[in-house]
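Asks: Below is a structure I'd like to ask you about.
Please treat every number below as a calculation from the coordinates, not as lab data. Computed from a predicted model, the values in this text were never measured in an experiment. All Cβ positions, glycine included, derive from the backbone under ideal geometry; neighbour counts span all protein chains shown.
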Amino acid sequence: MIPKFRSKSLAFYGGSIIFVLLLFKVVTAYGETNLHAPPALISQYRLNSDQKLNCSQPNPLMLNIQQSGIYVNGSLSVAMTETPKIPEKPTLSGMLANRQLSLSGKVRKNVFCPSASANSQESVTIQSQLEGSGTLQGEMTITGIPTPLKFTAVAQKPNVADKEKSH
């Protein structure tokens, strides 16, 4: 028995295929014009500020960032000039939206001041704007300090050893 093709069946399947192809074309065109990946952040930023923290000798700070799309995790650590230090586990979390970076979480007090206790923590909120030159302009609010700390964060070039680890 030879199967017979019905014109109604051919029209239905042909129309369905054309509809799917047109829908794919429309969705692809929309995605290419309206959906864009967020800018990539550098993994380390050295924080510079004219304002001083409430301690005799504040540590220079490094903001370490891990990014997955718009979601960002980070940690604050002491900026080392000689030997690079392994970044701490992320204690800050937030988002990057419209070139605005928002992070919040807890940071050990001795990161800010070397004489402070390593066991106690401060709540930290960072609000900053990603500038085109690879810098962040913003402010950091720390519990226990009445005024926000305004800063400029300069991107640090990755280490040669870090590049080799990622390959």
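Asks: Sort Ile18, Ile42 so that the residue with the fewest other Cβ atoms within 10 Å of its own Cβ comes first and the one with the most comes last.
Replies: Details: Ile18 10, Ile42 18.
Result, fewest neighbours first: Ile18, Ile42.
Asks: Right, another one. If you work out Cα extents along the principal axes in Å from the coordinates, which of (1) 39, 35, 33; (2) 94, 37, 32; (3) 40, 32, 29 do you get?
Replies: (2)
Asks: Sticking with this structure for a sec: Highest GNM mean-square fluctuation, the chain, Cα pairs closer than 10 Å: which of Val107, Val20, Val78?
Replies: With Cα springs under 10 Å in the chain, the top fluctuation among Val107, Val20, Val78 is at Val20.
Asks: Please order Lys109, Lys8 by the number of other Cβ within 10 Å, starting at the fewest.
Replies: Starting with the residue having the fewest Cβ neighbours, the order is Lys8, Lys109.
Asks: Tell me the net charge near Gly14. Cut-off is 13 Å between Cβ atoms, Gly14 excluded, with +1 for each Lys or Arg and -1 for each Asp or Glu.
Replies: Neighbourhood net charge equals +2.
Asks: Taking amide hydrogens as modeled 1.01 Å from N in the peptide plane, which residues meet the under 5 Å criterion relative to Thr91, leaving out close sequence neighbours?
Replies: Residues meeting the amide H criterion: Gly74, Ser75, Leu76.
Asks: Could you tell me how far the Cα centroid of region 95-140 sits from the Cα centroid of region 31-65, in Å?
Replies: 7 Å
Asks: In whole Hz, what ³J(HN,Hα) sequence does region 135-150 give by Karplus (6.51, -1.76, 1.60; θ = phi - 60°), x for Gly and Pro?
Replies: For region 135-150, the Karplus-derived couplings read 10, 10, 10, x, 9, 10, 9, 10, 4, x, 10, x, 10, x, 8, 7 Hz, x marking Gly and Pro.
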